[in-house]
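Trainee: Below you'll find the structure I mean.
No lab work stands behind these numbers, since they all come straight from the coordinates. All of these numbers come straight from a predicted model, not from anything done at the bench. Note that we place each Cβ from the backbone using ideal geometry, even for glycine, and neighbour counts take in every protein chain shown.
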Amino acid sequence: MRRKNRIPPSPLPQREGVDPVRVRLPPEGPWTTVREHLVERLSGAGAGVVDGMFTAGQVVDADGRAVPPDAAYVPGMYVWFHRELPYEPVVPFPLTVVHRDEHIVVADKPHFLATTPRGSHVTETALARLRRELGIPTLGAAHRLDRLTAGLVLFTVRPGERGAYQTLFAERRVRKEYEAVAAYDPSLALPRTVRSRIVKERGVLAAYEVAGEPNAISRVELIDHRGELGWYRLLPATGQTHQLRVHMNALGLPILGDPLYPVVADAVPAGDFRRPLQLLARSLEFTDPVTGVEHRFRSAATLQAWFSYADWAGQ
């Protein structure tokens, strides 16, 4: 039996709560030096960026030694480096810890804060913030919430236990409850369960429904209504990307503040935190796979459009 290659631990510390980039050189390729491969791999970084990293000794091997630009290409070799952190407007809302023990951290994430580093959102993410504020560099996300969605997110403290908590979500053993504010339609019979097949293509902002075996199931309940507004409880049985947003839109009830459904709106300027998406991950319930404890966590956040529509709309 072929032994699985062990990934060496990172020789570089985190920077601002963000892990260094790890690259394993492919087993085959036309490159003769490590530099040639990184120049091709990071072609979008801009002219001279990779050479500057080598000159500054910022590309290191598993022992933490700087890799010279003429170092021979070795298939399977690991190298690490920190990419330059982009400027990010500070998300001016609190990230509250609602539970912390030696295994997990549960945080109440605000709107506009991404869960984990990705794209242009790196240091201004829930994971990076918590690593810095709690002093837990090993913290990892067990699941994700959309950047525009507020509410509860589960993080793990010990890397060796992360898979056990991720499996809870993969096997649908976490009971999740969301709330949303959208239009009220008195002709729509609720509660109801929505079933459809949702597709999300890489590089395409909005997901969409297609014919076929359902892969997305959501129960939609009306909590209350006031005038033309409705306050809804949403219970997803599956976890497709944008599932609740797609299903509410399919019912003719797009969630207030949604920039993708029913139509993709123009991008707002960075730092514009007005009119947050009125979708909240209200509660998480699960049996802890490590301790056996029955957990039930509830967000203390509110949906502004329901309690003060004029303030949310900027009227």
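Trainee: Modelled label-to-label distance, residue 45 and residue 288, 7 Å Cα→beta-carbon offset: nm?
Mentor: 4.1
Trainee: Could you work out Rg/(2.2 N^0.38 Å) for the stretch 192-254, with Rg from alpha carbons only?
Mentor: It is 1.17.
Trainee: With runs of 4+ DSSP H residues as the only contributors, calculate the mean residue ellipticity of the chain at 222 nm using -39,500 (n - 2.57) per run, divided by the residue total and rounded to the nearest 500.
Mentor: Roughly -4000 deg cm²/dmol at 222 nm, from the helical runs in the chain.
Trainee: Mind ordering 105-113, 233-241 by average Cβ neighbours within 10 Å, highest first?
Mentor: Order by mean packing, descending: 105-113, 233-241.
Trainee: Ok, one more. Need the C-alpha centroid separation for the stretch 185-257 versus the stretch 92-109, integer Å.
Mentor: 27
Trainee: Taking a temperature of 25 °C and a viscosity of 0.890 mPa s, what whole-number D in µm²/s does Stokes-Einstein yield for the stretch 120-275 with Rh from Kirkwood over alpha carbon pairs?
Mentor: 140
Trainee: Regarding the chain, what's the average projected area of the Cα-atom convex hull, expressed in nm²? Walk me through the numbers before you get to the answer.
Mentor: Numbers: hull surface 80.7 nm².
So the Cα hull casts an average projection of 20.2 nm².
Trainee: Give, in whole angstrom and from largest to smallest, the semi-axes √(5λ) of the equivalent ellipsoid of the stretch 59-167, with λ running over the eigenvalues of the Cα gyration tensor.
Mentor: Output for the stretch 59-167: semi-axes of 30, 18, 12 Å.
Trainee: Oh, and also: Based on the inverse mean of 1/r over its pairs of different Cα atoms, what is the Kirkwood hydrodynamic radius of the stretch 55-120, in Å?
Mentor: After inverting the mean inverse Cα-Cα distance, the result is 16.0 Å.
Trainee: Would you mind putting 33-40, 116-123 in packing order, based on average other-beta-carbon counts within 10 Å, highest first?
Mentor: So the peptides 33-40, 116-123, ranked by packing, come out 33-40, 116-123.
Trainee: Oh, and also: Tell me, what is a quarter of the convex hull surface for the C-alpha atoms of the stretch 145-237, in nm² with one decimal?
Mentor: 8.3
Trainee: What are the semi-axes of the equivalent ellipsoid for the stretch 1-134, taken as the square roots of 5 times the Cα gyration tensor eigenvalues, largest first, in whole Å?
Mentor: 33, 19, 12
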